[in-house]
């Protein structure tokens, strides 16, 4: 449990709690009072009744108090808490390391961790140990990521006392170390089908000839050709100048909109999870195609990541998507993100939203009105399927409100379809790859309709 | 309510709490076997029960009250002084274990150094207390009770006088200390 020396190669920021000079840790403990009471009672009895043999009962308590008073020193030390990893995947274990360093030594130290809801203890999160002078004792606690999102250690409790357990105290501290829990990698990568989704947004590899890396053809040099394109090897073989033609490297811009709706019950949390999974899949797929990908999270707060390329952008998107799970209640939602005007006009917009809210519908409509091709994935819940069963257990008003909301949603969906937004319903048991394929087919059909 | 008590039992460190019952009960039986007085066993068992309850509910005061009651019963029992020494040591050990039971609630991981340090500390305290008591008892048997009390009284009076003198000296220094002038206070740089 307590390991005296661990290699100092562990990652992650740490939080330090200073014990030195804290008056809360220099209080009298109950054992001191009890020992004092017994010692006093024994001394008074021995003197009052002139029975020195009674001192035999109280001498250990007197000696203990005297030794504790004589040997007491103020608590001196630092407690440092850190996680061995700050990014984990759901279901993985993370080790929380607590280093206790003291120049003068601590007789007894109790460490207790209180993690947030997304972390589950593997074994006990309390440990009792001792610290020798000028040494560091490291305690390792293991917690498991039970749910995706941003988790942290809510509270760190430190209790210290001297070796006689007569002086000491308790200290609570908040650890700032956070752990980002992502969706399992296999689930995300399983939903990736970059080639398929590529056809949704149009072929990136154009049939045109232009500047690029991929060779398309060769032909004799013509007036106007750049000398940079001369293929010297073939020109030498054919004894006349030939040029290399290349496919132009074209990339597109994709903006993914995630509706950070509430996660107040299991169904909504599942919907939230699927939305994030789809957004992550799309981001990963398009970034692999060297597309610029931007993210707009609409909900309790507006999270706008401008379209960029590269792996760093993927990490940024993953962080923002993980933060979606910590969204508070609906009353704080915002629907007029200022970033709408910054979305490029030629960007392909893919929204993942249940479209329950008219304001979200109007946001999608506004983006569509600016000329962007927009597709919406609408995750459905089991609630819609089991509405008839729920009718028995819910009251009439609630059911009417639910029906009204459903009608409103249908109206919104219909208005978006009329504006040329491709909307695909996403059943609960349908994998993301299938629904993306459905979007691709829908967009192809819409493109054919326009060409006719 | 029953669930609360069961939960409390396990959170208090059941093993330690059990020891705080078994150890005083064993001492109670031992004292009773060496005593010719009546009802001693009853008093000591009640005291053991109070100590045990104190361990269960995590109250040092309750356990301390039990220890005082146990000491009272032992005093009334008129047992040999060596047995009283043993009782004193066992009561102190019981309270130390009671304190450990408080630290061990909710089943934490405990380093071996805790057991080692606690055992060593308890051993040193008991050995020192035994030696101290032996010295006091030896002197007490050689002389009269007044010859013990008077030197302690004289020493106490002397100690009190020294404390008073120190306090007076400190207070006097504070009164006669040179104070900074107002201009110095306004211009700390100069």
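Between residue A:43 and residue A:430, the modelled label-to-label distance comes to 8.5 nm, taking each label 7 Å out from Cα in the direction of the beta carbon. In plain terms, the residue of B:70, A:141, B:104 with the fewest other Cβ atoms within 10 Å comes first and the most crowded comes last, giving B:104, A:141, B:70. Neighbour counting of Cβ atoms within 10 Å sorts the residues A:369, A:325, A:275, fewest neighbours leading, into A:369, A:325, A:275.
Extension gain, residue A:406 to residue A:245: 0.36 nm times the residue separation minus the Cα-Cα distance gives 52.4 nm.
Note on B:114-123: average number of Cβ atoms from other chains within 10 Å of each residue's Cβ is 3.
Computed from the Cβ-Cβ distance with R0 of 22 Å, the FRET efficiency linking residue A:417 to residue A:268 stands at 0.35. Neighbour counts of other Cβ atoms within 10 Å put B:163, A:71, A:113, B:44 in the fewest-to-most order B:163, A:71, A:113, B:44.
Each reported figure results from applying straightforward, stated rules to the coordinates on display, with no laboratory input. The structure presented is a predicted model; accordingly, all values stated were derived computationally and were not measured. Counting neighbours? That spans all protein chains shown, and the Cβs are built from the backbone with ideal geometry, glycine included.
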